[in-house]
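Reading through the structure tokens given below for one structure.
Readers should treat all values here as calculations from the given coordinates under stated rules, not as data from a laboratory. Nothing here was measured: the structure is a model prediction, and the numbers come from that model. Here the Cβ positions follow ideal geometry from the backbone for every residue, glycine too, while neighbour counts run over all protein chains shown.
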Amino acid sequence: MTTDLSVDQLLARYHLMVMIRAFEESAIDLFAKGLITGSTHPSIGQEAIAVGACLVLEPSDKILATYRGHGEAIAKGSDPKILMAELLTRTTGCCKGRGGSMHLCDIQNGVLGTNAIVAAHIPIAGGVALANMLRKNQQVTLCFFGDGASCEGEFFESLNMAALWKLPLVFICENNGYAISVPTKLSQSTPDISDRAKGFGIPVQIVDGNDILEVHAAAKEAITHARSDKGPFMIECKTVRWERHSAFSAGKYANPEEAQRWKKVDPIPRLAKELLNSGVTPEELQAQEASARRVILEAVEFAMQSPLPSSETLYQGVFA
Ligand SMILES: Cc1ncc(C[n+]2csc(CCOP(=O)(O)OP(=O)(O)O)c2C)c(N)n1
């Protein structure tokens, strides 16, 4: 596929995708060691969606995502140190350790929340987009959600109001084929989730979510559309979920071949191939990878050395 991105811009995207991959691998490792409490949901294999879409945004734009949202927060510009500290519930975390892996919020960077309740953030994203429309600030809101979330009533209500009020909102469906253990063919009445948006008169694009060039091109069109007061847009990214729903069940797949299915369409080697074809040397790629992995090692170190909140602070930030 041809692209308007320069080799340097592609390399920056490669760096970010590897950073997200390394962050998720560390999260799985820390979870296995009992250092992450609750749950954690890796976005391994879905990095091209987060990076492809978020890098089209302006810094003042906003995003909301699901509990599988570490990648989107990193792609939107959150410092992996404060995100990793949040996963480890440290005081230096983006929510002072009160949110954990599923509730990342970094207002300064426009990350208005990842959410544990399936689809609950979709109407919130609608509210954010409405506020921005009323303020006439030309900000766009991206709302990432899964195929499972698209079966919730809130999704349909949000589509309707967003279309009716022409909100500057881009819906990005990460259709990874599963909602926990339920394959989409057992939960979705049509193969394409974007058909639902069409029913509300919203323009849609279906892309290969493992091809960052396709995601980038669609995001550019959608974000330009939303920023030009033309209303919402939906992108459906077809992708393949990492082996299991969460780190809790990592490595416990009955069928090991099924567990590895995401590797066959892994977006990172795919972009690497594109870069090599564009004249980037293997050494340059290795240097990018080493640098990205170093950032995450430093983030883990920072988080591990940060203090846990003391019991005296238990009631801080409790408003009701
Ligand atoms: C309202 C609600 N119902 C059920 C759950 C339990 N639950 C957690 S994740 C999940 C699956 C969601 O799948 P999908 O939207 O496809 O996202 P994915 O995990 O594949 O990224 C469910 C049912 C929940 N957290 N919230």
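Glu58 to Trp165: FRET efficiency via 1/(1 + (r/R0)^6), r the Cβ-Cβ distance, R0 22 Å, to the nearest 0.05? After rounding, the FRET efficiency stands at 0.55.
Orientation-averaged projection of region 53-135 equals 5.2 nm² [convex hull of Cα atoms, one quarter of hull surface area]. Residues within the reach of a label modelled at Leu314 (point 7 angstrom out along Cα to beta-carbon, backbone nitrogen below 19 Å), restricted to region 93-116, are 96-100.
Across all Cα pairs in region 131-246, the calculated P(r) in 5 Å bins from zero up to the longest distance comes to 2, 12, 23, 24, 18, 13, 6, 3, 0 percent per bin. For the peptides 304-317, 228-241, 94-107, the ranking by mean Cβ contacts within 10 Å, running from highest to lowest, is 228-241, 94-107, 304-317. Report, to one decimal in Å, the Kirkwood hydrodynamic radius for region 189-320 based on all distinct Cα pairs. One decimal place: 19.5 Å for the Kirkwood radius. Among the trypsin sites (Lys or Arg not before Pro) within region 1-95, those in coil by DSSP and having at most 15 neighbouring Cβ atoms inside 10 Å are Lys33.
Value of Rg to Rh for region 279-320, rounded to two decimals, is 1.41; Kirkwood radius and Rg both from alpha-carbon coordinates. Gyration tensor over the Cα atoms of the chain: the corresponding equivalent ellipsoid has semi-axes (square roots of 5 times the eigenvalues, largest first) of 27, 25, 21 Å. In this structure, the residue pairs whose Cα-Cα separation is over 26 Å, taken from Lys62/Lys185; Lys33/Lys273; Lys33/Lys185; Lys136/Lys220; Lys81/Lys166; Lys76/Lys220, are Lys62/Lys185; Lys33/Lys273; Lys33/Lys185; Lys81/Lys166. For a straight C-alpha distance cut-off of 14 angstrom, the aspartates and glutamates reachable from Lys264 (same-chain residues fewer than eight places away being disregarded) are Asp208, Asp211, Glu243. Stokes-Einstein diffusion for region 1-127 at 20 °C, viscosity 1.002 mPa s, with a Kirkwood radius from C-alpha pairs, works out to 145 µm²/s.
Which value in deg cm²/dmol, rounded to the nearest 500, describes the helix-derived mean residue ellipticity at 222 nm for the chain, given -39,500 (n - 2.57) per DSSP H run of n ≥ 4 and division by the residue count?
So the helix-based figure for the chain works out to -13000 deg cm²/dmol.
What is the gain in length, in nm to one decimal, between Arg261 and Val7 on full extension, counting 0.36 nm per residue of separation less the C-alpha to C-alpha distance?
Full-extension gain reported as 88.5 nm.
On full extension, the segment bounded by Ile107 and Glu298 gains 66.5 nm, given 0.36 nm per residue less the C-alpha separation.
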